[in-house]
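In what follows, a structure is listed as structure tokens, so that the remarks can point back to it.
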Amino acid sequence: MRLELGNFYVKDIVFGEETSYSNGILTINKEEALKVVMEDEHITDADLHIVKPGDRVRLVPVKEAIEPRVRVDGGPVFPGVTGDLMQAGNGRTHALKDCSVLVVGKHWGGFQDGLIDMSGEGAKYTYYSQLKNIVLVADTDEEFEKREQQKKNRALRWAGMRLAEYIGSCVKDLEPDELEVFELEPIVKRTKQENDLPSVVLVLQFQSQMEELGYNDLVYGWDTNRMLPTFMHPNEILDGAVISGSFMPSSSKWSTYDIQNFPVIRRLYKEHGKTLNFLGVIASNLNVALDQKERSALLVAQIAKSLGADGAIVAEEGYGNPDADFIACIVALEDAGIKTVGLTPECTGRDGRSQPLVTMDPKADAIVSTGDVSQLIELPPMETVIGELESLARDGFAGGWWGDEVLGPSVREDGSIIMENNSMFCGDQVVGWSTKTVKEF
Amino acid sequence: MKKAILYINQFFGQIGGEEEADFAPEIREGLVGPAIELQKQLGEDIKVTHTIICGDNYMGSNTEEAVNTILGFLEDKEFDIFFAGPAFRAGRYGVACGNIGKAVSEKFNVPVISSMNEENPGVEMFRKDIYIFKGGKSAAAMREDIKKMADFGKKIVKGETLLSAEEEGYFGRGLRRQVWLDPPVTAADRVVDMLLKKLNGEPFKTELPIPPVDTVPIAPPIKDLSKATIAIVTSGGIVPVDNPDRIQSASATRWGKYDISNMERLEAGVFKTIHAGFDPMVANQNPNVIVPLDALRAYEKEGKIGKVHEYFYTTVGTGTTQGEAARMAREIVEHLKEGQVDGVILVST
């Protein structure tokens, strides 16, 4: 499988006559873009903003981030989701780099939504403060979930993907600034040099805890809750075969942008043929019932073993209950003789003294920690809020609250906030961006 | 100018050796024994105003009295930081430093710094309560150990950034916090590098050490279930629909106690779940799937159990820390004991 990613580096974004890219400047025709957003009759109200690093802007409730892309030979950027099914990971895709489409609720947030500060002390808590962002702020008529803590955010998330495809389409016929090639020979047809290196699989435990369809990550449009672990080519992950869901506290979630760019995959590609033989990705899940957890762990270990893996990296999207799947999977791999390293955030409590994972096992002797979801964060008011600040306290955010005897409400009258890291948008960057770790004090 | 007070034992307080170990606590103005070196290391930023001396045996056999006496000494003193030791490998001295350090830290809310050798039993007993620096085996390490204590004390009072336990050199207090690596190294690089080391048989260091397992022993079975009072406790977030105690939907710190003595079952619309960690649909349609009052009432009628306790107890388990969960459980247990409950069905979700 050979994927060519043509990169266009965006230095600035402006609104203008024609949606186009030239010399690093991305111009967006706002009216036309909003028309694409409004194609779904469930979107009742929509607006676009451009926010850049350093802007005195706070975004909340942030629901999703997507990298604008286009499939050069035609077809949807997200097969089985925004269009027909087709093979992802092969051929040529063009991407607008250093920018993302952010989807923000005009009023209503929920458990899974997050916050982004584009400047100040809060900026360091999320990756998206360093990107130039096209912000879609919209409302919907999805009355059934307006006051629900758990939201599918279907109309908004799909609007974000349509918008990302619309914006991406302006570089379809242009020559990219840079061309990256991702290619792996079939496992049994690799060179001796590759085969002599330690073979490695990457196990991705996608978030799939909701039994009802519509909340979980999708693989080619298929709900990961209904999936058994399966072998995937890393190019498929990088090229839109998987989209993020709408469940799990925001900081430990993987946005679609995160999945499209997956830094751990990129690093494994870099090492391939030099220090290791990158076999590919085992896509697994994080279901709630114990037998489902055990079944997935068994299958992951079996697939890894059958492929001849010597080593594995296991990454979990989330924390808490999924820690059980995470540890079970590491133990199953270690029991199969595969040397395994885990990648996860931890939850040590507001005082930092709680057990960092729900379950632990001495066999999980190699873990990289990407952050602590429960750390308290206090931030001053921000000049401009896009979305609705009150949602952080009102709508059951994982890291926000209406009242607390000691701390008071998450949102104060002067616009300052106090929250848990839990609600920093994709803040724990488990896909590999995180330069955070957790240490004992 | 900030102020400090030092605690030492009878030996280092120049009262005497083992024969003086029953020496009752005293506070002296100024510097005695190790306090002189401590003052030298602290320099001009912090002044050691008093030295407290207490015999190791006195502290060991009259702990409460000794601690109260010393807290009494301190009540009218102004101080910003408290030092104890260093205690090296001296067991009774280490435990004494820990006892007084913990009490001072709790009562006066000032940082407490001590130093002990890793084999000192005081380390495991008190490392969670005060800063205990990794010290030498004997008084030969006095100067070095005091320097570590003083340097860290200066950092604290100056408000400098405090690094992790390992970087600073004290025994970890069981408290984990997120930090940004300097220089920054991404998790993608760290995880692949760690895997390569593990594959190549090179030493590697996990970022999340697995602590020893904290298992609660399984209780002995109830001898005669037909006479037993059974209670339901749940972390599944079932509450009266208006959630009167405002239990949080995630990361809960509150719990509720609700009267079910006149109910045969929990009705939908009267009770619901506020738990944000699972799909609530089924539980909202029938709250008994989490608080199985209907089944227990049936058992009650059949005589399988003696009776159902008058209340059920509830909180939310998602994102809730082990520490908070243990505290809430301790509080709930008091009510269960009062109600003479023999067995609990603990429903998780």
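Could you give me the ³J(HN,Hα) list for segment B:267-283, computed from phi with Karplus coefficients 6.51, -1.76, 1.60 and θ = phi - 60°, whole Hz, x at Gly and Pro?
Ordered by residue, 3J(HN,Hα) equals 8, 4, x, 9, 10, 8, 9, 10, 5, 9, x, 8, 5, x, 4, 5, 5 Hz.
Could you check the simple spin-label distance between B:HIS335 and A:PHE231, using points 7 Å along Cα→Cβ, in nm with one decimal?
Label-label distance for B:HIS335 and A:PHE231, simple model: 5.4 nm.
If the cut-off is 18 Å between C-alpha atoms, which aspartates and glutamates fall inside it for A:LYS97, apart from same-chain ones fewer than 8 positions away?
A:GLU4, A:ASP12, A:GLU64, A:GLU67, A:GLU165, A:ASP173, A:GLU175, A:ASP177, A:GLU178, A:GLU180, A:ASP239, A:ASP258
Could you sort out which of A:LYS439/B:LYS107; B:LYS272/B:LYS307; B:LYS77/B:LYS102 sit more than 21 Å apart by Cα distance in this structure? Spell out each step's value before the answer.
Values: A:LYS439/B:LYS107 27 Å; B:LYS272/B:LYS307 24 Å; B:LYS77/B:LYS102 18 Å.
The answer is A:LYS439/B:LYS107; B:LYS272/B:LYS307.
Mind jotting down the distance between the C-alpha centroids of segment B:1-27 and segment A:118-175, whole Å?
Result: 65 Å between the Cα centres.
How do B:VAL48, A:VAL72 line up, fewest other C-beta atoms within 10 Å first? Spell out each step's value before the answer.
On the way: B:VAL48 23, A:VAL72 17.
Fewest-to-most Cβ neighbours within 10 Å comes out as A:VAL72, B:VAL48.
For labels at B:LYS257 and B:LYS137 in the simple 7 Å Cα→Cβ model, what's the distance in nm?
5.5 nm
Taking amide H positions as placed 1.01 Å from N in the peptide plane, with prolines and chain starts having none, which residues 5 or more places from A:VAL314, or on another chain, fall under 5 Å of its amide H?
Here the answer is A:VAL203, A:VAL341, A:GLY342, A:LEU343, since their amide H atoms fall under 5 Å of that of A:VAL314.
Considering the zone a paramagnetic label at B:ASP182 would reach in this model (a point 7 Å from Cα along the Cα-to-Cβ line), which residues of segment B:135-176 have amide N under 19 Å from it?
B:151-170
Take every residue in peptide B:316-327, count the Cβ atoms of other chains within 10 Å of its Cβ, and give the average of those counts. Walk me through the numbers on the way to the answer.
Values: counts 0, 3, 5, 13, 5, 11, 8, 8, 4, 3, 1, 0.
The shielding value for this peptide is 5.
Let me have the 222 nm mean residue ellipticity of chain A computed from DSSP H runs of 4+ only, each contributing -39500 (n - 2.57), with the sum over all residues rounded to the nearest 500. The partial results should precede the final answer.
Values: 10 runs with 88 residues, N = 441.
Computed ellipticity for chain A at 222 nm equals -5500 deg cm²/dmol.
Based on other C-beta atoms within 10 Å, arrange A:ASP98, A:ASP117, A:ASP351 from fewest to most. Could you put the intermediate results ahead of the total?
Numbers: A:ASP98 17, A:ASP117 26, A:ASP351 13.
Ascending Cβ contact count within 10 Å gives the list A:ASP351, A:ASP98, A:ASP117.
Could you tell me the center-to-center distance, by alpha carbons, between segment B:211-279 and segment A:210-233 in angstrom?
Using only Cα atoms to place each centre, the spacing works out to 32 Å.
A:LYS189: which lysines have alpha carbons under 22 Å from its alpha carbon, excluding same-chain residues fewer than 8 sequence positions away?
Partners within reach: A:LYS270, A:LYS274, A:LYS305.
What's the local net charge at B:ILE305, with K and R +1, D and E -1, over the other residues with C-beta under 11 Å away? Spell out each step's value before the answer.
Details: positive: B:LYS227, B:ARG297, B:LYS301, B:LYS304, B:LYS307; negative: B:ASP224, B:GLU300, B:GLU302, B:ASP342.
Charge balance near B:ILE305 sits at +1.
Please arrange B:ILE130, A:ILE43 by how many other C-beta atoms lie within 10 Å of their C-beta, fewest to most. Let's see the in-between values first.
On the way: B:ILE130 23, A:ILE43 20.
So the ranking, lowest neighbour count to highest, is A:ILE43, B:ILE130.
What pairs in A:LYS124/B:LYS158; A:LYS436/B:LYS134; A:LYS436/B:LYS205; B:LYS227/B:LYS301 have C-alpha atoms more than 19 Å from each other? List each step's numbers first, then the result.
Values: A:LYS124/B:LYS158 25 Å; A:LYS436/B:LYS134 26 Å; A:LYS436/B:LYS205 16 Å; B:LYS227/B:LYS301 12 Å.
Where the Cα-Cα span goes over 19 Å, the pairs concerned are A:LYS124/B:LYS158; A:LYS436/B:LYS134.
Please identify every one of the trypsin sites (Lys or Arg not before Pro) in segment B:202-280 that sits in a loop by DSSP and has no more than 10 other beta carbons within 10 Å of its own beta carbon.
On the way: sites: B:LYS205, B:LYS223, B:LYS227, B:ARG246, B:ARG254, B:LYS257, B:ARG265, B:LYS272; in loops: B:LYS205, B:LYS223, B:ARG246, B:ARG254, B:ARG265.
Loop-located and lightly packed - B:LYS205, B:LYS223.
Can you tell me the relative contact order of chain A? Whole percent, Cα pairs under 8 Å, sequence separation 6 or more.
Numbers: 1149 pairs, mean separation 85.4, N = 441.
In percent, rounded to a whole number, it is 19.
Other chains' Cβ within 10 Å of A:102-113 residues: what's the mean?
On the way: counts 0, 0, 0, 0, 0, 0, 0, 0, 1, 6, 1, 0.
Partner Cβ neighbours, averaged per residue: 1.
What is the Cα centroid distance between segment B:100-140 and segment A:27-90, reported in whole angstrom?
56 Å
How high is the FRET efficiency between A:THR44 and B:ARG246 when r is their beta carbon distance and R₀ equals 30 Å, given to the nearest 0.05? Please report the intermediate quantities before stating the final value.
Values: r = 32 Å, r/R0 = 1.05.
Efficiency, rounded to the nearest 0.05: 0.45.
Share of antiparallel DSSP beta bridges in chain A, in percent to the nearest 5?
Here the antiparallel bridges make up roughly 45 percent for chain A.
List the pair-distance distribution P(r) of chain A, using every Cα-Cα distance, as the percent of pairs falling in each 20 Å bin from 0 up to the bin containing the longest distance, rounded to whole percents.
The distribution over chain A is 27, 59, 14, 0, given as percents.
Consider a paramagnetic label point 7 Å from the Cα of A:LYS35 along Cα→Cβ; state which residues of segment A:155-178 have an amide N under 19 Å from it.
A:159-172
Since every read-out is calculated from the coordinates, none of them should be taken as a lab result. Owing to the predicted nature of the structure, the values given are computational and were not obtained by experimental measurement. We place every Cβ from the backbone using ideal geometry, glycine too, and count neighbours over all the protein chains shown.
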